[in-house]
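**Q** Sharing a structure below in structure tokens format, with a few things to ask.
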Amino acid sequence: HNYTVSINGIEKQSLGFSHPNTLGLFISVIIIEWLYIHFNTIRLKNIICIIFLIMGLYYIGTSRTSLILLMFITVWSLLLQSNKIRTLLSGKVFEKFMSLLPAIICLLCYLSAIAYKKSSLIWNALDKIFTTRIYWASYYLKTYGVKMFGSRINPVSSRNALAVGVTQSNSLDMAYVRIGVQYGLIVLLVFVMALIVLQTYAVKKKNWGLL
């Protein structure tokens with residue numbers, strides 16, 4: 001069953017999936033896995049084909065999340081083909097930075113949710129780019145906070161909002177904030193620490209594909 005939702009004035013179709021972003025996420029996983037498997041043999045022509053595929057995917061599925069994610073990972077994969085970039089990342093400072101990257105991203109997510117102001121033109125522009133993720137992260141964080149064992153929250157997805165005749169969903173799609181709010185501080189810390197261990201392993205073993 002196909003249904004259409006409007007997010008920030010952009011109409012998005014589910015194309016038979018449970019959510020309009022599902023197709024984009026499926027394709028994203030396939031591309032990421034391909035990049036990892038063929039990481040040491042990636043050529044410029046592969047990157048160009050992937051970019052055209054990403055643009056076509058955005059045209060069909062209008063998934064901005066997949067577009068941003070795949071463009072970043074594709075460009076990052078291309079940069080890591082350079083021995084100069086790999087040498088630079090092998091320095092102690094960059095090794096430490098890459099190892100702690102999950103914690104840095106987590107911190108930035110929470111700082112953005114805390115600092116968000118609806119009256120700010122800059123924050124509104126950023127929030128529009130990330131399709132209201134910052135606004136809802138701020139709302140849930142300020143409403144429920146981060147407790148030791150989490151809180152019971154009732155976010156309404158785009159599909160459920162459409163089913164009950166509500167024009168606006170209130171999904172909490174910022175992963176780090178959702179884990180902290182819904183599952184609690186302990187789970188959040190375990191999750192971030194697991195990512196740090198994985199990043200540290202990738203850095204130490206020079207497994208550039210995992211980065």
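The values are calculated or read from the model by the stated rules, or taken from the named source; none is laboratory data. Keep in mind it's a predicted model, so treat the numbers as computed, not measured. Glycine also receives a Cβ, built like all others from the backbone with ideal geometry; neighbour counts cover every protein chain displayed. Ligands, DNA and RNA are stripped out before the accessible areas are found, and what is left, the full protein with its side chains, is counted by its heavy atoms. Shrake-Rupley method; radii C 1.70, N 1.55, O 1.52, S 1.80 Å.
**Q** Hey, which of these cross-link pairs are over 23 Å Cα-Cα: LYS84/LYS206; LYS45/LYS206; LYS45/LYS128?
**A** Beyond 23 Å: LYS45/LYS206; LYS45/LYS128.
**Q** Mind ranking MET193, MET98 by accessible surface for me, highest first, 1.4 Å probe?
**A** Result of the area sort, largest leading: MET193, MET98.
**Q** Kindly write out, for region 172-187 in residue order, the coupling ³J(HN,Hα) from the Karplus curve 6.51 cos²θ - 1.76 cosθ + 1.60 (θ = phi - 60°), rounded to whole Hz, with x marking Gly and Pro.
**A** Coupling constants for region 172-187: 9, 9, 8, 4, 4, 5, 4, 4, x, 6, 7, 10, x, 5, 4, 5 Hz.
**Q** Run the simple label-point estimate for ILE186 and LEU210 please: 7 Å along Cα→C-beta, distance reported in nm.
**A** Here the answer is 2.7 nm between the modelled labels.
**Q** Sticking with this structure for a sec: For region 39-116, what value does the Rg/Rh ratio take when both radii are computed over Cα atoms and Rh is the Kirkwood radius, given to two decimals?
**A** 1.07
**Q** Let me ask another. Using a Förster radius of 30 Å, what is the FRET efficiency between VAL197 and SER151 based on their Cβ-Cβ separation? Nearest 0.05, please.
**A** For VAL197 and SER151, the calculated efficiency is 0.65.
**Q** Additional query: Can you tell me the order of 111-124, 64-77 when each peptide is scored by its average per-residue count of other Cβ atoms within 10 angstrom, highest first?
**A** 64-77, 111-124
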